[in-house]
Amino acid sequence: MTMTSSVPEPVAYDPAAIEARWRERWAELGTHRTDIAQGESPFYALMMFPYPSAEGLHVGNLFAFTGCDIYARFQRLQGHTVFEPLGYDAFGIHSENFALKVGRHPMELIPSNIRNFRRQLDRAGLMVDWSKSVDTTDPSYYKWTQWVFLQLHKHGLAYKKAAAVNWCPSCKTVLANEQVVAGACERCGTVVEQRFLEQWFFNISKYAPRLLENLNTLDWSATTKQAQRNWIGRSDGARLRFAVLDPLTDAGSSAVSVTTEVRSGSTQIEVFTTRPDTIFGATYLVLAPEHPLVEQLTTPMQEGVVREYLAASVKQDLVSRKTTKEKTGEFTGSYAVNPATGEMIPIWIADYVLMEYGTGAIMAVPGHDERDFEFAQKFDLPIQRVVAGPGDNAKTPLGDAAYVGDGVLVNSEQFDGLGVEEGKVKATAWLASKHAGVGVTNYRLHDWCISRQRYWGPPIPIIYCDDCGTVPVPEDQLPVLLPNIPDFKPDDSGISPLARHQEWYRVPCPSCGKQARRETDVSDTFLDSAWYFLRYPSVGRDDVPFDRETTKKWLPVTTYIGGNEHAVLHLLYSRFITMVLHDAGHLDFEEPFTKFRAHGLIIKEGAKMSKSKGNVVNPDDFINEWGADAFRTYLMFLGPFEEGGDFRDSGISGVKRFLDRLWASVRDCGTGAADDEVLRKLHATIKKVGEDTPALSYNTAIAAMMEYMNVLRRGERVPARAEVEPMVQMVAPFAPHIAEELWEMLGHKTSVFQSRWPAFDASLLTSDTIDLVVQVGGKTRGKIVVAKDITQDAALAAAKADPVIGKFITGEPKKVILVPGRLLNVVV
RNA sequence: GCGAAUGUGGCGGAAUUGGUAGACGCGCGAGACUUAGGAUCUCGUGCCGCAAGGCGUGUGGGUUCGAGUCCCACCUUUCGCACCA
C-alpha cells in the first residue's frame, strides 16, 4: 500500500462500473449456472414467470424477483445447490390484443419484447440460470403443453360439451369463470355475455376434495390457502327429492289427498340444501330458468308468463343477474310434495337460483334463508318458522327477516327440540330412509374451460373425423404448430381465426387416413403456466417433457414466491395438473410447491401503480441513477416483503448511503484487532440477519445491518478487517455486485457466493451484567445495570439506591416483581 | 352480506412468551468541514411543558404488578368471494 505524502483520492463507490463488470464476469464464469445433474442438496427456488409486455419490466416484477433472488442467494450461502430459473409466459390474449392494437404480429412482437425484458432483467443482478429458460410460445415448449392436454384426454379428464359460457364481446372469446370479475371481463372490463358454445373442459371438479384436503399439508401463506378453500367452496348438505304432482289429476282438484310417501316413477325434482334440518319449513321449490324440467312442469295456464320470463332472463347479462338483489320469478303452475310434511308446495322458477350450482333447484325455506324470505314476501308465499332462536318458541312470529341463526327445531314433529346441527344429521337419515334424499358434499369449483376462440395460443391437439369422431393427435406428431397467419384478428362468430385457414386445419385422420379437420381453438394461457416448473430442469431434452431422474432430484419446487393475484387461478391449476400427471404415473409427487409465499404489492403515494395514475416507476431510471444494488435493497427495505409497501422516490437515498458507508469501511479497513464491543454487535447482527432473511423479513434484516454499520463507524473510527468481512457476506444476497467487488478487494479469488454464511459465536451474545428496567407501580422509571442473576432483594436495594428511581419508591413496597433478565416492578 | 387482513410520530415502518413503544430509514432542526453543497460527518427529533412531570399504539370497556400485544363491543381502511341454497 502506498500512503502518506500526497494523499491519493480514495476510490469511490461507482455502482455503474462495478455492476457492469460483475455482470460480465458472472456470464463469463457461468456463476449462475446450476449443475442439474451433479447438484447436491438441491434447492429449487421458483418465481412466477412474467408476461413479457411491450411496456417492459414493472417495479412489481422486480420486487417479486428480487425477493426470490435474495432467498435463493441466501440458500446458496448456506451450502445448497440452488436452481433459480426464469422464463416467459408469452401466449395469451394480453399479447394478442396488444399486437392488434399496434398492428404488428405477435410472432415478431414477442421476441422483441423478450429481448427487452432480458436486457432489463440482466441489470437487476438476478442469479438466474438462463441456460434453462422457457418461452411458452416456442414450439419446443408448447409441444409439451399439447402433450399435457393429451394426458388429460387419455385419462378421461378432458371433454367437450356445449355449455353456457362467459363470452367477452370485446376480447371476442370465452373466459373461464375465474376470469370473470363481478360479471365483467377481468382483462378489459367489458360486461360478459352468456353464449352457448362447444368447449373443451378439464374435469378439475373431480379433484375438488383432494385439492381441498391437501391444502392442510402445504406450507403456504395462510391467505393463499384461504383463498383456495373459498374458491373450492365445499359445503355439506343433502340432495333431497321432491315428487311432482301430476298436474292433470292431483293439482286440479281442490281437496287433494296426498300421501307422504314419494311415489316412484313420478317426476321428481332434486334439490341441494345445506339445511336438511329445515325441511319442515320448505314451503315452495324454485328451479333455475335453464332447468331441464321447466318446460314439462309449466302448465298451460302459466305458459305465457313463464315463456316471457325465460326470454327475459336469457337476454339478461350475467352482471345484473348476479348482482341485482331484486328478486324476480314466475309460478310454473305445478306442485310438488314436501316429503316431510306431505304438504303440497308450489314450484316456481327464478333467476336467483343458479343452474351451475348444486342441482339447479332449491327447496325454499323462507323462514330461515334471507333470499327465500325476500322472494316469499314479494310473491306472498307461506313462511313457516322451524328454528327457534334464544327466547323464541314455535309460535314466535318471524317479523321482517328470516332467522338464520342457531337454535332448536320447532314445528318439525319428531325433530322438535333438536339443535340445528343434530337436526341436520337426523333429518338427513330420516329422509334417506324414506328414499327422499341422501347426504352429499357439494363444491363450488367448476370444471375448467380451456378452449379459446383466439389465435395466440397452442392449438388444441385434436382432429375431428367423420368416421372416427374425435381423435387425439398422436404424441409423436406433436407439436401441432401454430401457423403464421396475417389475419389473426378474432371476430364475433365465436370461431377461432384458425378456422379461416383450410390449408391448416384440413388434415388426414390419424386413425383412418380420411380427410378430417383439426380443432381450431387454442388452449387457455393458464395451461401453459400450469406445468412450466416441471420443464425448467429438463430444458434441452426434446424427447420428454421432463426427465424422470432430473425431476426426482429437483421437484417438487422447494420454495415458490409469487403474487397472491394467482392464488386461485395459476396455483390451483398447477396443483390440479400435477395431481393428474401423478395419477397418470408421470410424477411421484402430487403437490408441486412444497412452500409458497405470497409477496405484497408495491404502491406509490397510497395507490397502486398504474399508467393512468401516472405513478409508474421505471426501474431503468432508478438503476441508472442509484445502481441495481441500491434499488434492490431499497425495494426490500420499504416494507415487509409479504405485505409490500409504499415506494417513495426519496427513500432510496438512505440505502445508497448505507452502501457508500459499507464501501468506505472495506476500502479503509485496517488489519488491527477487532473491538470487543463491535464484535458483539457483529455477532448479534449475524444471528439476526441469518434468521430474518430466510423468514423473508428482509426489511428488518437490512435495518439490522444498518444498525451494525452505525456501530462500526461510530465516531469515524477505522474498522478492522475482521469487523467488515462478514458484513460483505451478509449484504451479498441483497446487493450482490458490490459484495463481489468488496470480497475481491478483501483479497478473495473466488465469488462471495462460493463462501459460507458466517457463523455467529453465541458466547459473545451473553454478558454478566444486564440493563434491568425498573418500573414503579407499572410505570417505567429508568434502568439499572446489575448482575445477570441478581436476586429480587438486591435488585430492589439497587433500585432504591438509584437517585432518580429511588425517589419514586416511597414507603414499604406492597409487592415486588422481578422478571429475571428483564425488569423489576415495585408496587407501592 | 360472507371470508381474510389492517389501524403505531410529519412519512415508510420496528417491537420474543404480555415486560424500556417508536429500532432502521426518510424528512426536519442545529452544528462541523467547505469557494460552494442537493456531498460527507456530529448531535437532536412522539406530543404538551421552562422544568419537575404528564400524556401517548383507531374508539369504548375489561383482565393484569404491567397491555401495541390478551378478552368483549364498536369504528376505519384494504383485499378476496359475492343470490353457491
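Roughly how tilted is helix A:676-692, in degrees to the nearest 10 and between 0 and 90, from the longest Cα axis of chain A?
20 degrees
Using the Karplus curve 6.51 cos²θ - 1.76 cosθ + 1.60 with θ = phi - 60°, work out ³J(HN,Hα) for each residue of segment A:479-494 in order, rounded to whole Hz, and write x for Gly and Pro.
For segment A:479-494, the Karplus-derived couplings read x, 7, 5, 7, x, 7, 10, x, 9, 8, 6, x, 10, 7, 6, x Hz, x marking Gly and Pro.
Using only the C-alpha atoms of segment A:738-779, find the volume of their convex hull and express it per residue in Å³.
166 Å³
With respect to the cross-link table entries A:K395/A:K424; A:K154/A:K553; A:K143/A:K553; A:K160/A:K552; A:K132/A:K489, which display a Cα-Cα separation exceeding 29 Å?
A:K160/A:K552; A:K132/A:K489
Divide, for segment A:60-211, the radius of gyration over alpha carbons by 2.2 N^0.38 Å, where N is the residue count.
With N residues counted in segment A:60-211, Rg over 2.2 N^0.38 Å equals 1.31.
To make sure I understand, if each residue's beta carbon is the centre and we count other beta carbons within 10 Å, what order do A:V731, A:V294, A:V425 fall in, fewest to most?
Taking fewest neighbouring Cβ atoms as first place, the list is A:V425, A:V294, A:V731.
Calculate, in nm to one decimal, what A:V819 and A:V425 gain on full extension: separation in residues at 0.36 nm each, minus their alpha carbon distance.
Full extension from A:V819 to A:V425 adds 136.6 nm.
Under the rule of -39500 (n - 2.57) per DSSP H run of 4 or more residues, summed and divided by the residues of chain A, what mean residue ellipticity at 222 nm is obtained, to the nearest 500 deg cm²/dmol?
That calculation yields -10000 deg cm²/dmol at 222 nm.
Work out the length of the dipole vector of segment A:576-708 about its Cα centre, built from +1 on the beta-carbon of each Lys and Arg and -1 on the beta-carbon of each Asp and Glu, and round it to the nearest 20 debye.
Magnitude of the dipole: close to 400 debye.
Let me check I've understood the local charge: for A:K800, count other residues with C-beta under 14 angstrom from its C-beta, Lys and Arg +1, Asp and Glu -1. What total comes out?
-1
Return one number: the angle in degrees, 0 to 90 and rounded to the nearest 10, between the long axis of the Cα atoms of helix A:628-637 and the longest principal axis of the Cα atoms of chain A.
60 degrees
What is the dipole size for segment A:23-68, taken about its Cα centre, with +1 at each Lys and Arg Cβ and -1 at each Asp and Glu Cβ, in debye to the nearest 20?
60 debye
Mind grabbing the base-10 log of I(q)/I(0) for segment A:487-625 at q = 0.09, 0.10 Å⁻¹? Debye formula, identical points on the C-alpha positions, no solvent, two decimal places.
Reported log10 I(q)/I(0), two decimals: -0.52, -0.63.
Measure out, as a whole number of angstrom, how far apart the alpha-carbon centroids of segment A:673-725 and segment A:375-433 sit.
The distance from the Cα centre of segment A:673-725 to that of segment A:375-433 comes to 66 Å.
Taking a temperature of 20 °C and a viscosity of 1.002 mPa s, what whole-number D in µm²/s does Stokes-Einstein yield for segment A:369-479 with Rh from Kirkwood over alpha carbon pairs?
110 µm²/s
By average Cβ neighbour count within 10 Å, what is the ranking of A:630-643, A:332-345 from highest down?
A:630-643, A:332-345
Could you point to the residue in A:A376, A:S653, A:S131 farthest towards the positive end of chain A's charge dipole, with +1 and -1 charges on the Cβ of Lys/Arg and Asp/Glu respectively?
Value: A:S653.
May I have the convex hull volume per residue, in Å³, for the Cα set of segment A:710-775?
154 Å³
For a quick size check, give me the Cα extents of segment A:487-537 along its three principal axes, largest first, whole Å.
Dimensions of segment A:487-537 along the principal axes of its Cα atoms: 39, 33, 15 Å.
Near A:A17, within a Cβ-to-Cβ distance under 14 Å, what is the net charge of the other residues, with Lys and Arg +1 and Asp and Glu -1?
-3
Using just the alpha carbons, could you tell me how many Å³ per residue the convex hull of segment A:655-754 encloses?
89 Å³
Percent antiparallel among DSSP beta bridges with both residues in chain A, to the nearest 5?
Beta bridges within chain A, antiparallel portion: roughly 75 percent.
Could you tell me how far the Cα centroid of segment A:485-516 sits from the Cα centroid of segment A:441-479, in Å?
Computed from Cα coordinates, the inter-centre distance equals 14 Å.
I need the peptides A:790-798, A:516-524 ranked by packing, meaning the mean over residues of other C-beta atoms within 10 angstrom, with the highest value on top.
Final packing ranking: A:516-524, A:790-798.
Let me know the shape class of segment A:631-687, please: from the alpha-carbon gyration tensor, a ≥ b ≥ c as square roots of the eigenvalues, rounded when a/c is under 1.5, otherwise prolate if a/b is greater than b/c, or oblate.
oblate
Going by a ≥ b ≥ c, the root eigenvalues of the Cα gyration tensor, does segment A:350-425 fall in the rounded group (a/c under 1.5), the prolate group (a/b larger than b/c) or the oblate group?
Oblate.
For segment A:564-623 and segment A:187-250, what is the centre-to-centre distance using only Cα atoms, to the nearest Å?
22 Å
Shape call for segment A:1-149 from the C-alpha gyration tensor, a ≥ b ≥ c root eigenvalues: rounded (a/c under 1.5), prolate (a/b greater than b/c) or oblate?
In terms of gyration-tensor shape, oblate.
Among the lysines, which fall within straight-line cross-link reach of A:K378, defined as a Cα-Cα distance under 16 Å, with same-chain neighbours fewer than 8 residues apart omitted?
Within the straight-line limit of under 16 Å, A:K378 reaches these lysines: A:K325, A:K327.
For the pair A:V773/A:H435, report the inter-label distance in nm, with labels modelled 7 Å from Cα in the Cβ direction.
Each label point lies 7 Å from its Cα, and together they span 7.4 nm.
Please tell me the relative contact order of chain A in percent, rounded to the nearest whole number, where contacts are Cα pairs under 8 Å and at least six residues apart.
With pairs under 8 Å counted, the relative contact order is 14 percent.
Relative to the longest principal axis of the C-alpha atoms of chain A, give the angle of the C-alpha long axis of helix A:370-379, reported between 0 and 90° and rounded to the nearest 10°.
So the helix axis and the longest Cα principal axis differ by about 30 degrees.
Please report the relative contact order for segment A:483-591, taking Cα pairs under 8 Å with a sequence separation of at least 6, and give it as a percent rounded to a whole number.
Relative contact order of segment A:483-591: 17 percent.
Check the straight Cα-Cα distances from A:K815 and name the lysines below 22 Å, setting aside those fewer than 8 residues away within the same chain.
Output for A:K815: A:K779, A:K783, A:K788, A:K800, A:K807.
Provide, in order from the shortest bin, the percent of all Cα-Cα pairs of chain A in each 10 Å bin, continuing until the bin that contains the maximum pair distance.
2, 10, 16, 17, 16, 14, 12, 7, 3, 1, 0, 0, 0
Figure the gain on full extension for A:D620 and A:A394 (residue separation times 0.36 nm, minus the Cα-Cα span) and round it to one decimal in nm.
Taking 0.36 nm per residue and subtracting the Cα distance, the gain is 74.2 nm.
Size of the dipole of segment A:346-450 about the Cα centre, Lys and Arg at +1 and Asp and Glu at -1 on the beta carbon, nothing else charged, in debye to 20?
It works out to roughly 260 debye.
Cβ under 14 Å from A:P726's Cβ, A:P726 left aside: what net charge do those residues give with Lys, Arg +1 and Asp, Glu -1?
Neighbour charge sum, excluding A:P726 itself: +3.
Just order A:34-41, A:270-277 by mean Cβ neighbour count inside 10 Å, highest at the front, would you?
A:270-277, A:34-41
Every number in this text was worked out from the coordinates using simple rules, so none of it is lab data. What you are looking at is a predicted structure, and each value in this text was computed from that prediction instead of being measured. Glycine also receives a Cβ, built like all others from the backbone with ideal geometry; neighbour counts cover every protein chain displayed.
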